[in-house]
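J.: Right, I'll just put the structure down here and ask away after.
The values are calculated or read from the model by the stated rules, or taken from the named source; none is laboratory data. Note that the coordinates shown come from a computational prediction; the quantities given were computed from them, not determined experimentally. Quick reminder, even Gly has a Cβ in these numbers, built from the backbone with ideal geometry, and neighbours come from all protein chains shown.
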Amino acid sequence: MPDLENSINRENLETLVTSFYYEALEDEQIGHYFVLELGEDIENEEWVKHIDILVDFWAKIFLDDPLYNSDPYGPHFSIVGLAKEDFTRWVALFCASAEKIYLPEISQQFKEKAIAYAEEFIERLKMNPESSELFW
């Protein structure tokens, strides 16, 4: 088993994001959303762009990297059928990916941010944000 990362950098953020999406793409609950939006081949141009955007997103949060300057919420308004439970699953998969890459104190930071963003998504998408019990 490889050593867990003790710091956050762009390289391990890319590993995290890519690892998460490989899992999410195969997930029975949320995988179909990604297939519909980006396709089944995670190495296609749309996926590569999406992963780059998400690496920039997390780099802005954790590294104060200014490359990300988009609205993370807007693109999700057009996704049909998205439910609170899907965000719960997203959090679970994302946190599991972080735990495979980072030491516990760092993966905990990702967990806290993921939960906060999921709750914000739920609120902005008007999904009745009584969500605390949804997240572990």
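J.: Please pick out the residue among Leu54, Leu63 that is within 23 Å of Lys100 (Cβ to Cβ), among the aliphatic types (A, V, I, L, M) and under 15 Å from the mean Cα position of the chain (by Cα).
T.: Values: Leu63 fails: under 15 Å from the mean Cα position of the chain (by Cα).
None of the other options fit; the residue is Leu54.
J.: Six or more apart or on different chains, Cβ atoms under 9 Å: show the pairs whose first residue is in segment 1-25 and more than 20 Å from Glu43 (Cβ to Cβ) and whose second is of a type in the set (Gly, Ala, Ser).
T.: Pairs found: Leu4/Ser107; Ile8/Ala59; Asn9/Ala59.
J.: Still on this structure, please answer the following. Please determine, by comparing only the residues of segment 48-90 that are farther than 22 Å from Asn9 by Cβ and surrounded by 14 or more Cβ atoms within 10 Å (Cβ to Cβ), which one is modelled with the lowest pLDDT.
T.: At the first step, the residues of segment 48-90 found to be farther than 22 Å from Asn9 by Cβ are 71, 73-90.
Pick out the ones that are also surrounded by 14 or more Cβ atoms within 10 Å (Cβ to Cβ) and you get 76, 82, 84, 86-90.
Details: His76: 72, Leu82: 83, Lys84: 88, Asp86: 92, Phe87: 91, Thr88: 93, Arg89: 96, Trp90: 96.
Step by step, filter segment 48-90, then rank; the result is His76.
J.: Would you mind stating whether Ala116 is at pLDDT 95 or above and part of a helix (DSSP H, G or I)? So that I can check it myself, show each step before the final result.
T.: On the way: at pLDDT 95 or above: no; part of a helix (DSSP H, G or I): yes.
No; evaluated as a whole, the condition is false for this residue.
J.: If you take the residues of segment 35-47 that are surrounded by fewer than 17 Cβ atoms within 10 Å (Cβ to Cβ) and hydrophobic (A, V, I, L, M, F, W, C), which of them is farthest from Tyr102 (Cα to Cα)? Even if it seems obvious, please write down each step before you answer.
T.: First, pick out the residues of segment 35-47 that are surrounded by fewer than 17 Cβ atoms within 10 Å (Cβ to Cβ): 35-37, 39-41, 43-46.
Still in the running and hydrophobic (A, V, I, L, M, F, W, C): 35-36.
On the way: Val35: 27, Leu36: 30 Å.
Among residues in segment 35-47 that are surrounded by fewer than 17 Cβ atoms within 10 Å (Cβ to Cβ) and hydrophobic (A, V, I, L, M, F, W, C), the one farthest from Tyr102 (Cα to Cα) is Leu36.
J.: Another question about this same structure. Sort out which residues of segment 63-102 are over 18 Å from Gly31 (Cα atoms) and either of a type in the set (S, T, N, Q) or outside any helix (DSSP H, G or I) (or both), and write them in order of number.
T.: Taking segment 63-102 and keeping what is over 18 Å from Gly31 (Cα atoms), we get 63-74, 98-102.
Scanning segment 63-102 gives Asp64, Asp65, Pro66, Leu67, Tyr68, Asn69, Ser70, Asp71, Pro72, Tyr73, Tyr102.
J.: Taking Ile101, is it at pLDDT below 90, in contact with a helix residue (DSSP H, G or I) (Cβ under 7 Å, 6 or more places away or on another chain) and at negative phi? Don't jump to the end; show me each part of the working.
T.: Values: at pLDDT below 90: no; in contact with a helix residue (DSSP H, G or I) (Cβ under 7 Å, 6 or more places away or on another chain): yes; at negative phi: yes.
No: the conditions fail for Ile101.
Quick grid of which residues meet (1) among the acidic types (Asp, Glu); (2) out of contact with any strand residue (DSSP E or B) (no Cβ under 6 Å at 6 or more places or on another chain); (3) over 16 Å from Thr18 (Cβ atoms); (4) touching a residue at least 60 places away in the same chain (Cβ under 8 Å):
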{"residue": "Ile42", "(1), (2), (3), (4)": "no, yes, no, no"}
{"residue": "Ile51", "(1), (2), (3), (4)": "no, yes, no, no"}
{"residue": "Leu54", "(1), (2), (3), (4)": "no, yes, no, no"}
{"residue": "Phe62", "(1), (2), (3), (4)": "no, yes, yes, no"}
{"residue": "Pro66", "(1), (2), (3), (4)": "no, yes, yes, no"}
{"residue": "Gly81", "(1), (2), (3), (4)": "no, yes, yes, no"}
{"residue": "Ala92", "(1), (2), (3), (4)": "no, yes, yes, no"}
{"residue": "Glu99", "(1), (2), (3), (4)": "yes, yes, no, no"}
{"residue": "Glu119", "(1), (2), (3), (4)": "yes, yes, yes, no"}
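J.: List the number of the failed condition for Asp41; all other conditions in (1) more than 25 Å from Gln108 (Cα to Cα); (2) acidic (Asp, Glu); (3) in a helix (DSSP H, G or I); (4) at pLDDT 95 or above hold.
T.: (3)
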